[in-house]
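First comes the structure, then the notes that go with it.
The values are calculated or read from the model by the stated rules, or taken from the named source; none is laboratory data. If you're wondering where the values come from, they're calculated on a predicted model, not measured in any experiment. When we count neighbours, we look across all protein chains shown, and the Cβ atoms used for this are built from the backbone with ideal geometry, even at glycine.
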Amino acid sequence: MSGQPSGAASLALPVGGDPTRPLLFWLFALIGYLAALCGLALVLLSGEMREWNRSLDNSLTLQIPAETSAARIETVLALLRQTAGIRGVRLLEPAETARLLEPWLGPAATLDTLPVPRLIDLQIDPGTGIDFADLRQKLSSIVPGAQLDDHRQWLGDFRGAAIRLASFMAVGIAAIALLAVVLTVSLTRTSLALHGETIELLQLIGAEDADVARLFQVDALRQGLLGGATGAAAALVTLIAVGRAVPLRVMTGGSGLADWRLWVVAIIAALAAGLVAMAAARITALRQLSLMP
Amino acid sequence: MAVVRLDNIGKSYGAGADVLHDVSLTLEPGDLCVVTGPSGAGKTTLLNLITLATPPSFGRLTLFDTDALAADRVARAALRRRIGIVFQDLRLLDHLSARDNIALPLRIVGVSESEISDHVGELAVWLDIAHRIEARPQALSTSERQRVAVARAIISRPDLLVADEPTDRVDGETALTLVRAFERLNSLGTTVLIASHDVALARRFACRHLHLEAGELTSPDPGATQ
């Protein structure tokens with residue numbers, strides 16, 4: 001009966017009293033929480049960036065001073081409609097402008113008494129280059145004081161900031177993963193030392209290093225998955241709580257928990273926690289076992 | 001084919017004196033050999049070398065015609081699976097029942113649970129521990145623990161059985177049971193090597209007797225190459 005090792009899993013270690021098990025669980029719960037939070041923030045940020053791009057990337061706003069005559073406004077509209085690269089021109093009604101200003105001035109504000117500029121919304125064709133310097137000059141010649149706001153300038157700045165923030169979060173996730181590996185290595189070494197006599201016995205009766213390492217990697221996988229799932233669930237709960245306390249669209253992701261991407265991030269965080277724990281435990285166990293006779 | 005071949009083996013720990021000095025020994029298939037000697041003579045060290053628990057400081061060790069010192073870890077594990085060991089300190093796992101302790105060698109090689117159950121049951125009856133098979137080691141008497149350790153060593157029908165003071169803690173009746181178990185296993189083809197300080201026990205076996213004193217085999221094995 002001295003056959004090949006099966007990698008049989010029923011060589012159970014006395015893990016019930018192993019203090020490294022709850023430590024591993026809570027470690028990966030914390031790591032899963034932090035990683036899932038970073039991941040969820042990345043998803044929400046990228047979604048918000050796409051939304052902003054979609055709504056603003058191809059639009060411009062022209063402000064016309066309040067005292068401008070209707071005839072000059074018509075001239076401006078005619079110029080804009082003839083300009084290559086502009087595919088839509090719409091003069092906002094005063095009531096629409098009032099709605100836009102309401103968050104700042106309040107509903108009771110009487111715009112009739114204020115010098116509120118007229119706004120013209122322009123939709124531009126992204127494939128066609130517009131000579132903005134020339135257009136601004138022509139507009140100023142018709143209406144002195146006209147201001148052409150190019151959203152793309154500050155949207156570019158916002159994009160840059162968002163990319164830096166996303167990079168910071170990605171580095172954060174990598175650092176968390178590294179920390180997880182280091183701590184798993186340390187806990188696995190402790191566990192190996194605690195079960196030294198059992199391991200030596202298993203080896204002396206013919207268990208291969210891979211069989212013994214499997215005992216540790218399976219346990220680490222279980223603890224990593226459970227801990228990671230707990231942490232990811234806590235991150236989702238945090239997102240809901242913060243979304244309620246700070247009702248910003250970016251916090252709730254528009255569709256909130258109905259957004260399937262949030263669940264994917266949570267599941268990936270839990271799976272990644274399990275896999276990192278398993279791989280780190282296996283490699284550590286194999287290295288330590290190779291030092292034994 | 002020699003089951004065990006030690007050529008001029010020596011063992012020392014650190015800078016201390018040699019525990020074993022220039023030991024040569026050959027065990028052929030079917031041999032039954034008892035090594036006697038006083039405590040501290042090096043018997044356990046000799047058995048540890050043969051079971052690959054510790055490497056020798058010098059010399060050559062061949063198991064089943066394989067150079068055990070040159071073998072890689074997977075090959076060494078394969079050699080160990082051909083050896084049953086009764087440890088002097090028994091080394092039963094406290095978190096497992098007697099049944100699971102006995103079954104360990106079979107589980108390592110992936111024997112089915114039904115087959116394990118049959119083998120364990122048969123052996124438990126033979127060694128008179130069937131009534132205590134679900135008990136944990138700490139609930140067993142010394143004699144019962146010894147029998148569990150022997151059962152674990154022989155359940156896989158090893159090619160070589162190595163037993164270190166197997167009757168040290170048991171009463172005369174149990175000792176006789178174990179001696180019969182070893183002889184029975186030997187009659188089935190297993191090479192048996194027993195280390196004991198009990199000369200009276202050694203006389204119960206009709207077999208080769210070797211004597212180890214201060215790290216040297218004082219009754220050199222005639223089959224060894226010196």
With the first residue restricted to region A:35-51 and required to be over 28 Å from A:Gly224 (Cβ atoms), and the second required to be assigned to a helix (DSSP H, G or I), Cβ contacts under 6 Å at 6 or more apart or on different chains are A:Glu48/A:Val250; A:Met49/A:Ala162
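Yes or no, residue by residue, for (1) among the small types (Gly, Ala, Ser); (2) within 25 Å of B:Arg82 (Cβ to Cβ); (3) surrounded by fewer than 20 Cβ atoms within 10 Å (Cβ to Cβ); (4) outside the structural domain of B:Val3 (by TED's automatic domain parsing):
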site	(1), (2), (3), (4)
B:Glu144	no, no, no, yes
B:Ala153	yes, yes, no, yes
B:Glu165	no, yes, no, no
B:Arg184	no, yes, yes, no
B:Gly189	yes, yes, yes, no
B:Ala200	yes, no, yes, no
B:His211	no, no, yes, no
B:Glu216	no, no, yes, no
What's the number of the condition B:Arg60 fails, among (1) more than 24 Å from B:Arg157 (Cβ to Cβ); (2) in contact (Cβ under 8 Å) with a residue 60 or more places away in the chain; (3) among the basic types (Lys, Arg)? (2)
Given (1) within 14 Å of another protein chain (Cβ to nearest Cβ); (2) free of Cβ contacts under 8 Å to residues at least 12 places away in the same chain, identify the lone condition not met by B:Val120. (2)
Scanning region B:153-201 residue by residue, those basic (Lys, Arg) and away from every other protein chain (no Cβ under 14 Å) turn out to be B:Arg169, B:Arg180, B:Arg184
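Return yes or no: is B:Glu213 more than 19 Å from B:Val125 (Cβ to Cβ) and in contact with a His (Cβ under 8 Å, 6 or more places away or on another chain)?
It is false that B:Glu213 is more than 19 Å from B:Val125 (Cβ to Cβ) and in contact with a His (Cβ under 8 Å, 6 or more places away or on another chain).
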So, in region A:120-163, of the ones that are small (Gly, Ala, Ser) and in a helix (DSSP H, G or I), which residue ends up nearest to A:Leu45 (Cα to Cα)? A:Ala162
Name the one entry in A:Gly127, A:Gly156 that is surrounded by fewer than 10 Cβ atoms within 10 Å (Cβ to Cβ), modelled with pLDDT under 80 and not polar (S, T, N, Q). A:Gly127
Only one residue in A:Thr190, A:Thr198 is more than 14 Å from chain B (Cβ to nearest Cβ) and of a type in the set (Ser, Thr, Tyr). Which one? A:Thr190
Scan region A:15-25 and give yes if some residue there is part of a helix (DSSP H, G or I), at pLDDT 70 or above and either surrounded by fewer than 15 Cβ atoms within 10 Å (Cβ to Cβ) or polar (S, T, N, Q) (or both), otherwise no. yes
